[in-house]
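Q: Mind having a look at this structure? Questions to follow.
The values are calculated or read from the model by the stated rules, or taken from the named source; none is laboratory data. Not measured: the values here are computed from a predicted model. Heads up, the Cβs are rebuilt from the backbone with ideal geometry, glycines too, and the neighbour counts pull from every protein chain shown. All accessible areas refer to the heavy atoms of the entire protein, side chains included, with ligands and DNA or RNA removed. Shrake-Rupley method; radii C 1.70, N 1.55, O 1.52, S 1.80 Å.
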Amino acid sequence: MKASQYFSMSLFLLILLISCPWLISANPHLNNFLGCLDSFYSNDISKVIYTQNNASYSSVLNATIQNLRFSTPTTPKPLVIVTPLQTSHIQATIRCSRTNGLNLRIRSGGHDFEGLSYVSQVPFVVLDLTNFRSVKIDVKNKVAWVQSGAILGEFYSEIAKRSRTLAFPAGICHTVGVGGYLSGGGYGLLLRKYGLAVDNVIDAVFIDVNGRILKRKSMGEDLFWAIRGGGGGSFGVVLSWKVKLVSVPSTVTVFTIRKTLEENATNLVHQWQSVGHKLPGDIFSAVTMRKVNRNGKPTILVAFSSFFLGETNALITLMKARFPELGLKKEHCTEMSWIESILYFGQIQNKSIDVLLDRSYKSPLNAPWFKTKLDYVKNPIPKAGFEKIWSKLYEEDAETAAMAFIAYGGKMAEIPESATPFPHRDGNLYHIAYTVGWDGEENTKSQRYMKWIRKFYSFMTPFVSKSPRGAYVNYRDDDIGTNNKKGETSYAKASVWGRKYFKNNFDKLIYIKTKVDPHNFFKHEQSIPVSV
């Protein structure tokens, strides 16, 4: 090291430690970590490093936290947040974290339902990919390169600027980060036509534990398979993804029909179970349920919603043939573009499409504080079962609870469960997402709400998949099991939650993890473990 470089690093550390004396007691390796980064970054370090003494630290940390359960004074905070501007910054952060014994959490959008991308029980660093957000669209070849730090809304907006008849089969919550979303699978309005988002990934740029930059050919098919659905934070850092864009008509149709129990909702939702997964792949079909008050009395409101790749008349003809009891009429339907349907289902249809670029937008789909769980259903729930479900939704602590059924079938039934780590394909009629939420004024009741959703999840056991009871890795749920605080665990313990997320694919994921990260550097409470 040159004398000038040594002086620069020493001066940087001296200023930092004088202004932040807590650093030495907080973690004995932190000053070495910062010095390590400075030796790589040189004059760029002040642009990408945020310590707890930095005036912008809290705003950077909280900018993308969507679930305020993980933004409390007692929530463990990172010693450092790194917001890299170039690939070499990421390589240096990996190297310096490894050599100084610090856990590394990788954040692209901050939507992790258990906060695992920005919370750790051991001293840790957050690698925030917010500056890696470019989107490059190739309309002629129907492909795109999108960086992990981009949000879905930014990706969608770029597609819509270039074409009214191209789309990407991802979700409706536009502030979700692309990196974490694709790492776990990703379902959306086009899943029955084109499968999951990850089914349409054809290449990636990846940095491994040794700092090597790899693409599909150089990483090999095993690792490429693992990063497409094996869950974020287990294998390395995916910088960008090459994806196939898919064709959609210039005009699509949406509708929502709402029915209460007094309007035959129980019979309709019971029948939907035998209809939704058998509809043509051009239709996305969902049902949501929650308690409401009508005329001073509580009841259950059931909303039947669909997205159709076509115009109104064709949809009405189809639904009259397949589900006439629903009573779909022209006045229920609205024609729009694909990009406008994202706003419709995201419940932001009264805003300009420019809202998709707002990274700080708080979705009305989730309360500020919430807990979410997910199940898969292979056999229809009987009517008597729904009567019991309604009684649970009438309970006092379910006042903010909701259930959503998303129909499978179509393309989802055609793709083998071993094609990607996401295994929940053929044989599933639909999945159920359960959510309970609350606001700040109700935070004293948070444990009541958490207790309620856990009891309700237990109550649903007879109606959902078994051996294992399936779960979705992008709907993180630490109730179903975790690694220990250091991310180290036994195969038997990890299998408790790993089989629920990945079924038989879990063994292959462990094999690949052991090969590419044998010392288990990339780890968190539900990361893929190494074999022993």
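Q: I need the full set of residues from segment 114-145 which are open to solvent by less than 10 Å² (accessible area, probe 1.4 Å), in contact with an Asp or Glu (Cβ under 8 Å, 6 or more places away or on another chain) and under 11 Å from Ser240 (Cα atoms), in order please.
A: Ala144
Q: Residue under question is Ser183, and the condition is that it be over 22 Å from Ile406 (Cα atoms), part of a helix (DSSP H, G or I) and in contact (Cβ under 8 Å) with a residue 40 or more places away in the chain; does it hold?
A: Here the answer is no, as Ser183 does not meet what is asked.
Q: Another question about this same structure. Would you please list the contacts, defined by Cβ atoms under 6 Å and residues six or more apart or on different chains, that run from a residue in segment 97-116 that is aromatic (Phe, Trp, Tyr) to a residue that is at pLDDT 95 or above?
A: Close Cβ pairs (under 6 Å, with a partner that is at pLDDT 95 or above) amount to Phe113/Thr372; Phe113/Tyr475; Phe113/Arg476.
Q: Can you tell me which residue is nearest to Leu374 (Cα to Cα) among those in segment 444-464 that are within 23 Å of the chain's Cα centre (by Cα), among the hydroxyl-bearing types (Ser, Thr, Tyr) and open to solvent by 10 Å² or more (accessible area, probe 1.4 Å)?
A: Of everything passing the filter in segment 444-464, Tyr457 is nearest to Leu374 (Cα to Cα).
Q: Test of understanding: among Arg290, Arg294, which residue is open to solvent by 10 Å² or more (accessible area, probe 1.4 Å), within 18 Å of Met403 (Cβ to Cβ) and either at pLDDT below 95 or of a type in the set (Lys, Arg) (or both)?
A: Arg290
Q: May I ask you to list the residues in segment 360-382 that are of a type in the set (D, E, K, R) and either touching a Ser or Thr at 6+ places or on another chain (Cβ under 6 Å) or within 20 Å of Val473 (Cβ to Cβ) (or both)?
A: Answer for segment 360-382, where residues must be of a type in the set (D, E, K, R) and either touching a Ser or Thr at 6+ places or on another chain (Cβ under 6 Å) or within 20 Å of Val473 (Cβ to Cβ) (or both): Lys371, Lys373, Asp375, Lys378.
Q: Can you name every residue in segment 481-500 that is touching a His at 6+ places or on another chain (Cβ under 9 Å) and part of a helix (DSSP H, G or I)?
A: Matches in segment 481-500: none.
Q: Taking the stated definitions as given, is Phe522 modelled with pLDDT of 95 or more, open to solvent by less than 20 Å² (accessible area, probe 1.4 Å), among the aromatic types (Phe, Trp, Tyr) and assigned to a helix (DSSP H, G or I)?
A: When the stated conditions are applied, Phe522 does not pass them.
Q: Another question, if that's okay. Looking at (1) open to solvent by 10 Å² or more (accessible area, probe 1.4 Å); (2) in a helix (DSSP H, G or I), find the lone condition where Ile90 falls short.
A: That leaves (1) as the condition not met.
Q: Within segment 315-364, how many residues are touching a residue at least 12 places away in the same chain (Cβ under 8 Å), out of contact with any Cys (no Cβ under 7 Å at 6 or more places or on another chain) and among the polar types (S, T, N, Q)?
A: Looking only at that region, the number is 5.
Q: Among the residues of segment 312-321, are any within 23 Å of Leu191 (Cα to Cα) and touching a Pro at 6+ places or on another chain (Cβ under 8 Å)?
A: yes
Q: Pick from Gly185, Gly180: which is closer than 24 Å to Pro421 by Cα and either open to solvent by less than 10 Å² (accessible area, probe 1.4 Å) or acidic (Asp, Glu) (or both)?
A: Within the list Gly185, Gly180, the selection yields Gly185.
Q: Looking only at segment 238-265, how many residues end up being surrounded by fewer than 20 Cβ atoms within 10 Å (Cβ to Cβ) and part of a helix (DSSP H, G or I)?
A: 3
Q: Right, next: Only one of Asp507, Asp478, Asp439 is out of contact with any Cys (no Cβ under 9 Å at 6 or more places or on another chain), open to solvent by 10 Å² or more (accessible area, probe 1.4 Å) and modelled with pLDDT under 95. Can you tell me which?
A: So the residue among Asp507, Asp478, Asp439 that is out of contact with any Cys (no Cβ under 9 Å at 6 or more places or on another chain), open to solvent by 10 Å² or more (accessible area, probe 1.4 Å) and modelled with pLDDT under 95 is Asp439.
Q: Shifting gears a bit: Do you know which residues across segment 71-82 are open to solvent by 30 Å² or more (accessible area, probe 1.4 Å) and touching a residue at least 24 places away in the same chain (Cβ under 8 Å)?
A: Pro76, Lys77
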